[in-house]
Amino acid sequence: MNLEQELKLQAWLDGELPPAEAARLAQTAQDDPRARQLVAELTAVKTALAGNELERKVPDTREFYWSQIQRRIQREETRSVPVATSISALLARWRRLIAPMAGALAGAALLVVSIRQSVPVPAFVETTVTSSDFDALTYHDQSSGMTVVWLKYREQEPAPSEEAPDIFDVR
Amino acid sequence: MTSSRTTESKPAEPRLRLTRRWLQILAALFLTALFAGPTRAEDIKIEALLIWGSNLDTNLNAKVQDTRVTEALAKAFKWKNYSQITNRTAIIAGDATQTLEMSPKCSIKVKNLGAGKVQVECFGDGKFVSRGDYSLAEGKWFTLAGPDKNDSAWFIVMRSRNPKGGD
């Protein structure tokens, strides 16, 4: 006799089976000695429990009594969830979000970079402006990579002279 | 009356976790390249030399140390002797401006435009003389120059001293 048959016998004793199956099990309980023995044990236990169960009177009504139990169970369930578990669950949820977020950010970054690269950058042009007292002449020496801006005082035409104002006085 | 139930926890797939980690790293790299790079111009280290050019044999003790400078100047101008009067070095942050006193009467204001470019304003005796935007990229340098007394000339040579730019 296996566990399923034992459970069936218990259900039969408790009157939980449909009539056809109940009749079949009643026959089994008569024919099978092991089944008969189990039925006898179960019946004895049932009788003992039913006969010796203490009757306790609850001062509250039935509905109020069970609602209290239900509330307490709910409270205990809420309390039994540890804080660490809720934090780790939150982290796990974030981790699940990070992958698509990272992908979206990478895509956005690629888009911005490609847009930036498609915008033409104006070429850098070396320019020089002078005060109204000076003229500028620019000279490029490609071999040495040197650019010279020659600043000439306007009153010094055509060549530098000793009368030119000495505003730099390098010596 | 016993019953039993067994549960098997499914192990997390390492391959999926690896993919997620790579995605995170990629996103971080993109964001770094996007926002950290172009937003701030790099610092630039510049050297400015005030040089006096003449055909007189004076100031021979103050010869320009870098012969490439004198060679380039001698190739372009008529003067044979070049004396180094002042040597100034400055590190200018991105978009920052710094004033360099080259002589009691001459100063330059240098603004870092980023990407090896600078804007230089030249002042003589406190008065504005010139302003220009110049490149100090690798191998490039520029010179502000003008005539001086006794058929001589002054030169302000500027170049980058960054590891990647200038000489």
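Throughout, read-outs are computed from the coordinates displayed, never taken from laboratory work. Because the structure is a prediction, the values reported are computed rather than measured. With ideal geometry, Cβ positions are generated from the backbone for all residues, glycine too; neighbour counts draw on all protein chains shown.
Within the set B:LYS75/B:LYS117; B:LYS45/B:LYS149; B:LYS80/B:LYS111; B:LYS117/B:LYS149, which residue pairs have Cα atoms separated by over 30 Å? Working shown, then result.
Values: B:LYS75/B:LYS117 25 Å; B:LYS45/B:LYS149 32 Å; B:LYS80/B:LYS111 32 Å; B:LYS117/B:LYS149 32 Å.
Correct reply: B:LYS45/B:LYS149; B:LYS80/B:LYS111; B:LYS117/B:LYS149.
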Under the definition of Cα pairs under 8 Å and six or more residues apart, what whole-number percent is the relative contact order of segment A:1-112?
17
Using a cut-off of 12 Å between beta-carbons, work out the net charge of the residues near B:TYR134 (Lys and Arg +1, Asp and Glu -1, B:TYR134 not included).
+2
Once all Cα-Cα distances of segment B:45-107 are split into 5 Å bins that start at 0, what whole-number percent is in each one?
4, 16, 24, 21, 17, 11, 6, 2, 0
Under the rule of at least 5 residues apart or a separate chain, name every residue whose amide H is placed under 5 Å from the amide H of B:GLU42.
B:ALA115
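Calculate the mean, over all residues of peptide A:98-104, of how many other protein chain Cβ atoms lie within 10 angstrom of the residue's Cβ. Mind dumping the intermediate values first?
Numbers: counts 5, 9, 2, 3, 11, 5, 2.
That average works out to 5.
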Among the chymotrypsin sites (Phe, Trp or Tyr not before Pro) within segment A:88-151, which fall in a DSSP loop and have no more than 14 other Cβ atoms within 10 Å of their own Cβ?
A:PHE124
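Using a Förster radius of 25 Å, what is the FRET efficiency between A:VAL129 and A:ARG154 based on their Cβ-Cβ separation? Nearest 0.05, please.
On the way: r = 15 Å, r/R0 = 0.58.
After rounding, the FRET efficiency stands at 0.95.
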How compact and how long is segment B:93-167, expressed as Rg and Dmax of its alpha-carbon atoms in Å?
13.0, 41
Any residue on another chain or 5+ positions along whose placed amide H is under 5 Å from the amide H of B:GLY139 is listed here as B:GLY166, B:ASP167
Whole percent per 5 Å bin, from 0 to the bin with the longest distance: what is P(r) over all C-alpha pairs of segment B:73-120?
5, 17, 21, 15, 17, 16, 8, 1
Roughly what would the spin-label model give for B:LYS78 and A:TYR65, points 7 Å off Cα along C-beta, in nm?
12.5
Over 19 Å between alpha carbons, listed pairs B:LYS78/B:LYS127; B:LYS105/B:LYS140; B:LYS105/B:LYS127; A:LYS152/B:LYS63
B:LYS78/B:LYS127; B:LYS105/B:LYS140; A:LYS152/B:LYS63
Hey, can you grab everything whose amide H is under 5 Å from the amide H of B:ARG161? Only 5+ residues off in sequence or another chain; H modelled, so Pro and N-termini drop out.
B:LYS45, B:ILE46, B:GLU47
What is the pair-distance distribution P(r) of segment A:1-99, computed from all Cα-Cα distances in 5 Å bins starting at 0, with each bin given as a whole percent?
2, 9, 12, 10, 8, 7, 9, 10, 10, 8, 7, 5, 2, 0
